[in-house]
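A short worksheet on the structure shown next.
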Amino acid sequence: MRPVNIQWRKSSFSEQPDGDCVELALNGGCALLRESDDPSAVLKVARHELRAFLARVRAGGLVGEIALSD
């Protein structure tokens, strides 16, 4: 199997070059997400599923559905 060169992009909300943030890479029909402070843990989702999730978040569709903790 040939190694794949993944190009990770940092979130535009990351104010510092070395700050911890979410990174995104596209690989074929998949989107890869990881936290910069733990790059070994990668979440792989279909690109269309990520688009649908982000559209729902932007529309406020998840408000009150997910409890976030510190």
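The values are calculated or read from the model by the stated rules, or taken from the named source; none is laboratory data. On a predicted model such as this, the values are computed, not experimentally measured, just so you know. Every residue, glycine as well, gets a Cβ built from its backbone with ideal geometry; the counts of neighbours run over all protein chains shown. For accessibility, only protein heavy atoms count, side chains too; no ligands or nucleic acids. Shrake-Rupley method; radii C 1.70, N 1.55, O 1.52, S 1.80 Å.
Show 38, 20 ordered by accessible area, largest first, where the area counts protein heavy atoms only and the probe is 1.4 Å.
Highest to lowest solvent-accessible surface, that is 20, 38.
Go through 39-45, 24-30 and give me the packing order, highest mean Cβ count within 10 Å leading.
On the way: 39-45: 10.7, 24-30: 12.3.
Ranking, from highest mean packing down: 24-30, 39-45.
Within the full protein context, the accessible area of residue 34 is estimated at about 50 Å² for a probe radius of 1.4 Å.
For residue 23, the accessible area of its heavy atoms, probed at 1.4 Å with every protein chain present, is near 20 square angstrom.
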